[in-house]
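The values are calculated or read from the model by the stated rules, or taken from the named source; none is laboratory data. Computed from a predicted model, the values in this text were never measured in an experiment. Positions of Cβ are generated from backbone atoms using ideal geometry, with glycine treated the same way; all protein chains shown enter the neighbour counts. Side chains are part of the model used for accessible areas, which takes the heavy atoms of the whole protein and leaves out ligands, DNA and RNA. Shrake-Rupley method; radii C 1.70, N 1.55, O 1.52, S 1.80 Å.
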Amino acid sequence: MHILVIGGAGYIGSHVVKALLLNGDKVTVFDDLSTGQQINLFPQAHFIKGSILDTDALGRAMCQNVDAVVLLAGKKAVGESMENPAKYAVNNLTGCINVLNTMLECDVKKIVFSSSAAVYGAPTYLPIDENHPLNPTSFYGFTKLEMERLLHWYDTLKGIKSVALRYFNAVGYDAEGDVKGLENNPQNLLPIIMEVAIEKRPMLCIFGNDYDTPDGTCIRDYIHVTDLADAHVKALKFLKETGQSDIFNLGTQNGISVLEMVQATEEVIGRKIKSVYESRRPGDPSKLTACAEKAQNILHWQPLHSSVENIIRTTWAVYQKK
């Protein structure tokens, strides 16, 4: 298959490109390099620099015998989405509409969409499965949910088949070290821990130590990015073989607290992580874990690389070289 990976120079996108290339697919990367990086591009994949807000550029990329699209180009910082909703509305919602309309123009009928567990909001039960109520508590989560709804309507009205993959917490790097680009100004726990370890930032701020968890810090479900990438390959296979749309959670079904991640990192890398406790952030649930049985049963997917030790080891291998 010829796959157009929109956002394929980003952290997750570059791992997806690698997985597709290893699967024998032809890959074209479409990225504006606003957050993606040139260093993450693979020479085996054709690269087109362009924005999802530029419909002409999208058309030139997509009308090249593309069989399917992987859409990973959404803005993703929860805090920023609350401060600058216009940026997220334009990029995520308008961008998604542009991609879908271009797919219609170019007669491309399959898409895998990078969604998020943020569509669920605060959990009403755990682990969260795909039937959990959808009640996002951030504008970012709202845009992801609206993008899923757009996919549903373009399927119903125009026959574009989609798989939405609801990620929990993406972490880690590929074990071979082929993806080298680090995220600029990371918002997630493990990259921040790593920046403390290499003394790029003075300390880790832990937001709250009085949650209803064993050690008082928040618990999250961390999934290795190589496992996420594998799910995209399997989702494309699912679309090709079944011609059906669906939605899948991607997580390990196990939770790790902030303190557990800090302590495990100290053990793996042999360095002390300086940290300080600060007040809770508004809207942070005590615990978020996924039920990923649907992906396991239907896509035949397993999170094989998502042990805590492997997540930390593969991340440290990239950060310690910086």
Exactly one of Asp221, Asp215 is open to solvent by less than 10 Å² (accessible area, probe 1.4 Å) and of a type in the set (D, E, K, R), and that one is Asp221
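Yes/no matrix, rows are residues, columns are (1) in a loop (DSSP other than H, G, I, E, B); (2) modelled with pLDDT under 95; (3) polar (S, T, N, Q); (4) open to solvent by 20 Å² or more (accessible area, probe 1.4 Å):
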position	(1), (2), (3), (4)
Gln244	yes, no, yes, yes
Met261	no, no, no, no
Val268	no, no, no, yes
Ile273	yes, no, no, no
Pro285	yes, yes, no, yes
Ala295	no, no, no, no
Ile298	no, no, no, yes
Any chance Ile311 is open to solvent by 60 Å² or more (accessible area, probe 1.4 Å), assigned to a helix (DSSP H, G or I) and either out of contact with any Lys or Arg (no Cβ under 6 Å at 6 or more places or on another chain) or closer than 20 Å to Glu130 by Cα (or both):
no
Restricting segment 193-208 to residues that are in a loop (DSSP other than H, G, I, E, B) and within 22 Å of Arg271 (Cα to Cα), the one most open to solvent (accessible area, probe 1.4 Å) turns out to be Glu199
Original post:
Hey, any hits in segment 161-177 for a residue that's outside any loop (DSSP other than H, G, I, E, B), closer than 28 Å to Asn297 by Cα, in contact with a Leu (Cβ under 6 Å, 6 or more places away or on another chain) and open to solvent by 30 Å² or more (accessible area, probe 1.4 Å)?
Top reply: yes
When segment 16-30 is checked residue by residue, the ones that are open to solvent by 10 Å² or more (accessible area, probe 1.4 Å) and within 18 Å of Ser114 (Cα to Cα) are Lys18, Ala19
Within segment 33-65, of all residues that are of a type in the set (Val, Ile, Thr) and either modelled with pLDDT under 95 or over 18 Å from Ala9 (Cα atoms) (or both), the one most open to solvent (accessible area, probe 1.4 Å) is Thr35
Taking first residues from segment 111-124 that are within 22 Å of Trp153 (Cβ to Cβ) and among the hydrophobic types (A, V, I, L, M, F, W, C) and second residues anywhere that are assigned to a loop (DSSP other than H, G, I, E, B) and open to solvent by 10 Å² or more (accessible area, probe 1.4 Å), the pairs with Cβ under 7 Å that are 6 or more apart or on different chains are Ala118/Pro136; Ala118/Ser138; Val119/Leu134; Val119/Pro136
Among strands (runs of 3 or more DSSP E) entirely inside segment 46-157, those with 1 or more residues being closer than 30 Å to Gln253 by Cβ are 68-71, 110-116
Checked against (1) touching a Lys or Arg at 6+ places or on another chain (Cβ under 9 Å); (2) surrounded by fewer than 17 Cβ atoms within 10 Å (Cβ to Cβ); (3) at pLDDT below 95, Asp129 satisfies every condition except (3)
